[in-house]
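S.K.: I have a structure here, written as structure tokens, and I will follow up with some questions on it.
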Amino acid sequence: MNISIKTNQEIASLREGGKILREALNVAKKKAQFSIVEKVSTLEVSLAAEKIILARGAEPAFKGYSSDGENPFPETACVSLNDEIVHGVPLKNRLIKSGDIVKIDVGVKYKNLFTDAAISVIVGKGSEQAKKIVKVTRESLEIGLREIRAGKHLGDYSEAVEKFVVKNGFHVVRGLVGHGVGHEVHEAPQIPNFGQAGTGIKWREGMVIALEPMVNEFNSGIKVGSDQMTFLTKKGGLSAHFENTVVVTKNGCEILTR
């Protein structure tokens, strides 16, 4: 498995790209939340992120991206609602409603390097279960981050995330994973949110990875939507998703998209 180590100069550029990405996510989040005042489409959320990315001299990493050379993704942000896990295609006629969980996933290409991050936001008050799954997913990422440092195993991260999610009554998605990032949108290694401590590769300084817990309300598996892009829960129920791009350091990790 060829896992690239980024140079100090590349990490500095990724840090700059990460700041652009975070600004784009924050603007997209505000756009989604505006749905409690005036209906906003999922496409408008994506366009809000795109406007920031382009204005800062960067490029949307997902727009036109295809992992297999077919069915390129048509927009800047993946915008997924409620039982949609990831890769939701933004649509002009899909309006966000109060109570929806909106997952916004954005990639940025800046100085020919890629960063990737995602957030989940509840529009309006939301149900208690919606609040809980978003909170647990966000906290599972924070717990996983504590397990990232040079010399630790990938499985240390995976087990920590899964244990916390299960303890709180939810289920990690098993058919989708985090990944390396930097020179490409997706690089080695794959990073599952389930596993066994002490197993898998050892982290090395300079590795850049996108960590992204995806958590479902029910343990029913996943399916692909009719658009052949969106991943949904197999039998309904809520889903949440958080992601950050980080660089492994000697004593921990630095979040490049915070």
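S.K.: Would you mention how many residues in the range 46-62 are more than 19 Å from Leu14 (Cα to Cα) and either among the hydrophobic types (A, V, I, L, M, F, W, C) or within 18 Å of the chain's Cα centre (by Cα) (or both)?
M.R.: Going residue by residue through the range 46-62, those that are more than 19 Å from Leu14 (Cα to Cα) are 46-48, 51.
Then drop every residue that is not either among the hydrophobic types (A, V, I, L, M, F, W, C) or within 18 Å of the chain's Cα centre (by Cα) (or both), which leaves 46-48.
Residues flagged as more than 19 Å from Leu14 (Cα to Cα) and either among the hydrophobic types (A, V, I, L, M, F, W, C) or within 18 Å of the chain's Cα centre (by Cα) (or both) within the range 46-62 amount to 3.
S.K.: Give the residue, chosen from Lys30, Lys39, Lys51, Lys97, that is at negative phi, surrounded by fewer than 17 Cβ atoms within 10 Å (Cβ to Cβ), touching a strand residue (DSSP E or B) at 6+ places or on another chain (Cβ under 9 Å) and without any contact (Cβ under 8 Å) to a residue 60 or more places away in the chain.
M.R.: Lys39
S.K.: More than 19 Å from His186 (Cα to Cα), among the charged types (D, E, K, R), touching a strand residue (DSSP E or B) at 6+ places or on another chain (Cβ under 6 Å) and modelled with pLDDT of 95 or more, is that true of Glu162? Walk me through it before giving the result.
M.R.: Numbers: more than 19 Å from His186 (Cα to Cα): yes; among the charged types (D, E, K, R): yes; touching a strand residue (DSSP E or B) at 6+ places or on another chain (Cβ under 6 Å): yes; modelled with pLDDT of 95 or more: yes.
Yes; evaluated as a whole, the condition is true for this residue.
S.K.: In the set Ser67, Ser46, Ser80, which member is surrounded by fewer than 19 Cβ atoms within 10 Å (Cβ to Cβ) and either touching a helix residue (DSSP H, G or I) at 6+ places or on another chain (Cβ under 7 Å) or of a type in the set (Gly, Ala, Ser) (or both)?
M.R.: On the way: Ser46 fails: surrounded by fewer than 19 Cβ atoms within 10 Å (Cβ to Cβ); Ser80 fails: surrounded by fewer than 19 Cβ atoms within 10 Å (Cβ to Cβ).
Of the residues listed, the single one that is surrounded by fewer than 19 Cβ atoms within 10 Å (Cβ to Cβ) and either touching a helix residue (DSSP H, G or I) at 6+ places or on another chain (Cβ under 7 Å) or of a type in the set (Gly, Ala, Ser) (or both) is Ser67.
S.K.: In the range 191-208, is there at least one residue being within 27 Å of Asp83 (Cα to Cα), part of a strand (DSSP E or B), more than 16 Å from the chain's Cα centre (by Cα) and modelled with pLDDT of 95 or more?
M.R.: Taking the range 191-208 first, the residues within 27 Å of Asp83 (Cα to Cα) are 191-195.
After this cut, where a residue has to be part of a strand (DSSP E or B) as well, the list is 191.
Within this subset, residues satisfying the condition of being more than 16 Å from the chain's Cα centre (by Cα) are none.
No - not one qualifying residue is present in the range 191-208.
S.K.: If you don't mind, another one. Which of the following residues is of a type in the set (Asp, Glu), in contact with a Ser or Thr (Cβ under 8 Å, 6 or more places away or on another chain) and over 28 Å from Ile53 (Cβ atoms): Glu128, Glu205, Glu162, Glu187?
M.R.: Values: Glu128 fails: in contact with a Ser or Thr (Cβ under 8 Å, 6 or more places away or on another chain); Glu162 fails: in contact with a Ser or Thr (Cβ under 8 Å, 6 or more places away or on another chain); Glu187 fails: over 28 Å from Ile53 (Cβ atoms).
When all the criteria are applied, what remains is Glu205.
S.K.: List every residue pair whose Cβ atoms sit under 8 Å apart, with the two residues 6 or more apart in sequence or on different chains, where the first one lies in the range 181-204 and is free of Cβ contacts under 8 Å to residues at least 24 places away in the same chain and the second, anywhere, is aliphatic (A, V, I, L, M).
M.R.: Gln190/Val177
S.K.: If you scan the range 140-164, which residues turn out to be free of Cβ contacts under 8 Å to residues at least 24 places away in the same chain and within 15 Å of Arg174 (Cβ to Cβ)?
M.R.: Lys163
S.K.: Just checking, does the range 228-250 include any residue being outside any loop (DSSP other than H, G, I, E, B) and free of Cβ contacts under 8 Å to residues at least 60 places away in the same chain?
M.R.: Step one: list which residues in the range 228-250 are outside any loop (DSSP other than H, G, I, E, B), which gives 231-233, 239-241, 243-248.
So of that shortlist, the ones also free of Cβ contacts under 8 Å to residues at least 60 places away in the same chain come out as none.
Checked the range 228-250: no residue is outside any loop (DSSP other than H, G, I, E, B) and free of Cβ contacts under 8 Å to residues at least 60 places away in the same chain.
The values are calculated or read from the model by the stated rules, or taken from the named source; none is laboratory data. Note that this is a predicted model, so its numbers are computed, not measured. A quick note on method: Cβ atoms are made from the backbone with ideal geometry, for glycine too, and the neighbour counts reach across all protein chains shown.
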